[in-house]
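What follows is a short report on a single structure.
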């Protein structure tokens, strides 16, 4: 295998500047970018990769993905699946995202009762399997009966519901301090917890406040004392403001914000992963897709449609540090991260803002900005190539024609050019 690769790109987006540079070259040595520019000097053993017909970007990052699921149609049967099957789901999703040009994913545990997601992360990092690099929250922390508590699907059988209750679900500040420590002890990279109810579960709603101030403080304080970060699933302004009071690092969704809350988020410098995808069907009123969702999911989307649409516009017009995350658990497969890009463009957001969110902004959110997110000398050689027009084609990211992770080229989901 050659030590050097010289990649010639027809157009290049560096992950930082809102522009395409024409006819740029990227010189890769091993797993590292060593030079970027035109007419680069090359060592004698350099292999040239001609991507003059493609747009080259940094390897993309999806910062909110549920990797447990092989197919979204099988999400609820996973409640009865073995930990081994769910672990294989994590690997399957990581392999599918890599071949779609997303070289890194920030994976949220969903239905995994064990720490299989951590094992998959380690196996990929050690080179036993190809797959996207994973930054993981092993489990979703929450209160009993909350959006994080999937035993609520069995409330008609309390004995069974109690039996399958997972240890990351509970109540009280002491419980959550212990749980945060346990998550990091067994290999979690950050904490994700549920402040609000949600859409996909049957017995709660997005405007519910599901944790006490003492519980919120315990989660965030414990994570910070351990040098880690915490992010929260949340929708409405009262809960968002409480989280800001206690120094939350990030917000997942925040899909029902108002103007004053947006201004406070901006001032705090807190990131938001808006996950436009799960609400897109009701904002664009796609009846066929809405009917594919579980009845309670569909009904709640219709109930909150106006708030979701108004808040999306507030988000699009804001200066909030927006990260790119898809959160696909229904209608689209978990690994179809490209759909989130289409949603950003639907919302009137500049394509370069979306691309920057999926590269350098997300790299910073993941704590990997020193390695990933931009095409610069010294950065890891994670690169993706696209044949379709990223500025005008909402589905351009659905077809990846080239992907390199750490200097190694992998097959893509769209080998045609």
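Is it the case that residue 79 is modelled with pLDDT under 95, under 30 Å from residue 191 (Cα atoms) and either crowded, with 22+ Cβ neighbours inside 10 Å or under 23 Å from the mean Cα position of the chain (by Cα) (or both)? When the stated conditions are applied, residue 79 passes them.
Listed here are the residues, each with its yes/no results for (1) at pLDDT 95 or above; (2) under 20 Å from residue 109 (Cβ atoms); (3) in contact with a helix residue (DSSP H, G or I) (Cβ under 7 Å, 6 or more places away or on another chain); (4) assigned by TED's automatic domain parsing to the domain that holds residue 294.
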site: 338; (1), (2), (3), (4): yes, no, yes, yes
site: 347; (1), (2), (3), (4): no, no, yes, yes
site: 352; (1), (2), (3), (4): yes, no, no, yes
site: 356; (1), (2), (3), (4): yes, no, no, yes
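Which of the residues that make up segment 290-302 are loosely packed, with under 15 Cβ neighbours inside 10 Å and in a helix (DSSP H, G or I)? Within segment 290-302, 295, 299, 302 qualify.
For every residue, the table says whether it meets (1) under 15 Å from residue 308 (Cβ atoms); (2) in contact with a strand residue (DSSP E or B) (Cβ under 9 Å, 6 or more places away or on another chain); (3) not in a helix (DSSP H, G or I).
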residue	(1), (2), (3)
232	no, yes, yes
239	no, yes, no
242	no, yes, no
251	no, yes, yes
257	yes, yes, yes
263	no, no, no
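Do we have any residue at all in segment 229-249 that's surrounded by fewer than 22 Cβ atoms within 10 Å (Cβ to Cβ) and under 18 Å from the mean Cα position of the chain (by Cα)? So far as segment 229-249 goes, yes, one or more of its residues are surrounded by fewer than 22 Cβ atoms within 10 Å (Cβ to Cβ) and under 18 Å from the mean Cα position of the chain (by Cα). Put simply, of 13, 20 the only residue that is modelled with pLDDT of 95 or more, surrounded by 14 or more Cβ atoms within 10 Å (Cβ to Cβ), in contact with a helix residue (DSSP H, G or I) (Cβ under 7 Å, 6 or more places away or on another chain) and within 19 Å of residue 359 (Cα to Cα) is 13. One residue is enough: does segment 10-21 have a residue meeting the conditions under 29 Å from residue 234 (Cα atoms) and either in contact (Cβ under 8 Å) with a residue 24 or more places away in the chain or assigned by TED's automatic domain parsing to the domain that holds residue 136 (or both)? Yes, there is a match, as at least one residue in segment 10-21 is under 29 Å from residue 234 (Cα atoms) and either in contact (Cβ under 8 Å) with a residue 24 or more places away in the chain or assigned by TED's automatic domain parsing to the domain that holds residue 136 (or both). Taking segment 266-278 as the range and being crowded, with 24+ Cβ neighbours inside 10 Å and over 16 Å from residue 362 (Cβ atoms) as the test, only 278 passes. Of note, residue 110 satisfies the criterion of being in a loop (DSSP other than H, G, I, E, B), under 18 Å from the mean Cα position of the chain (by Cα) and closer than 21 Å to residue 250 by Cα.
The residues in segment 120-140 that are modelled with pLDDT of 95 or more and part of a strand (DSSP E or B) can be counted, and the count is 5.
Does residue 142 satisfy the condition of being under 15 Å from the mean Cα position of the chain (by Cα) and either over 23 Å from residue 407 (Cα atoms) or buried (at least 24 other Cβ atoms within 10 Å of the Cβ) (or both)?
Values: under 15 Å from the mean Cα position of the chain (by Cα): no; either over 23 Å from residue 407 (Cα atoms) or buried (at least 24 other Cβ atoms within 10 Å of the Cβ) (or both): yes.
So residue 142 fails the test.
Of all the numbered requirements in (1) closer than 27 Å to residue 364 by Cβ; (2) in contact with a helix residue (DSSP H, G or I) (Cβ under 9 Å, 6 or more places away or on another chain); (3) surrounded by 17 or more Cβ atoms within 10 Å (Cβ to Cβ), residue 116 misses one, and that requirement is (1).
The condition (being within 23 Å of the chain's Cα centre (by Cα), in the same structural domain as residue 107 (by TED's automatic domain parsing) and at pLDDT 95 or above) is satisfied by just one residue among 182, 177, 225: 182. Answer yes or no: is there a residue in segment 53-63 that is surrounded by 18 or more Cβ atoms within 10 Å (Cβ to Cβ) and either more than 30 Å from residue 19 (Cα to Cα) or free of Cβ contacts under 8 Å to residues at least 60 places away in the same chain (or both). No, segment 53-63 has no match at all.
A Cβ distance below 8 Å, combined with a sequence gap of six or more or placement on separate chains, defines the contacts here; from segment 287-316, residues that are outside the structural domain of residue 277 (by TED's automatic domain parsing) reach no residue that is exposed (fewer than 14 other Cβ atoms within 10 Å of the Cβ) and outside any helix (DSSP H, G or I).
The values are calculated or read from the model by the stated rules, or taken from the named source; none is laboratory data. Quantities reported herein were computed from a predicted structural model and do not represent experimental measurements. No Cβ is skipped: glycine too gets one built from the backbone with ideal geometry, and neighbour counts run over all protein chains shown.
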